[in-house]
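Nothing in this text is a laboratory measurement; each read-out follows from the coordinates by a stated rule. In this text the structure is predicted, and so the values were computed from the model without any measurement. Positions of Cβ are backbone-derived with ideal geometry, glycine not excepted, and every protein chain shown enters the neighbour counts.
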Amino acid sequence: MNEIKVLNSGKKFSHVSVGNLHVFEGKQFVKDATGATSCEISFGTLPTGAAVPFFHSHKENEENYIILSGAGKFQVDDDVFDIEEGSVVRVATNCDRNLKCTSTSPMAYICIQAKEGSLGGYTMTDAEITERQNML
């Protein structure tokens, strides 16, 4: 299993790393390491021909899968469709889901899980331009 490294943190942020994603293997959740309160983020990989070893469903949380590399199949209940690098799949609550790698190279993905219907504001409806000295 990959180990999360806490790189830096402050009163208003956490900075962690799961390491080099090109050699990352397995599944790693980061909510506890970052102290997140609004969502769970996980990194996952599947070798060629492998699928997640179980179907699962969530009662309150939707999931968004972002495919970083590789290709495969995704199943939501009885719907099966192709996925590949760059695919983003949102899965609602109360339905079964699973994915399988069918490419010759491993599939790497990020899964973001958050309470369905909880997003009140986003992008510029929740953000405001502020004045601050740029120290980058």
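Measuring gaps between exposed loop sites in the chain (GluC sites (Glu not before Pro); DSSP loop; at most 11 other Cβ atoms within 10 Å), the longest gap, sites not included, is 4-127.
Over the chain, the pair-distance histogram of Cα-Cα distances with 5 Å bins from zero comes to 2, 9, 16, 19, 18, 16, 11, 5, 3, 1, 0 percent, rounded to whole numbers. In terms of distances greater than 27 angstrom between alpha carbons, the cross-link table entries K5/K59; K27/K73; K27/K115; K5/K73; K12/K59; K12/K115 yield K5/K59; K5/K73; K12/K59. Mind grabbing the base-10 log of I(q)/I(0) for the range 24-83 at q = 0.14 Å⁻¹? Debye formula, identical points on the C-alpha positions, no solvent, two decimal places. Here the Debye-derived log intensity ratios amount to -0.50. Spin-label model, T123/D79: points 7 Å from Cα along the beta carbon direction are separated by 2.3 nm. A Förster radius of 35 Å, combined with the Cβ-Cβ distance separating S38 from D96, puts the computed FRET efficiency at roughly 0.90.
Rounded to the nearest 500, the helix-only mean residue ellipticity at 222 nm of the chain stands at -1000 deg cm²/dmol, with each DSSP H run of n ≥ 4 adding -39,500 (n - 2.57). The lysines whose alpha-carbon is closer than 17 Å to the alpha-carbon of K11, local same-chain residues fewer than 8 away aside, are K31.
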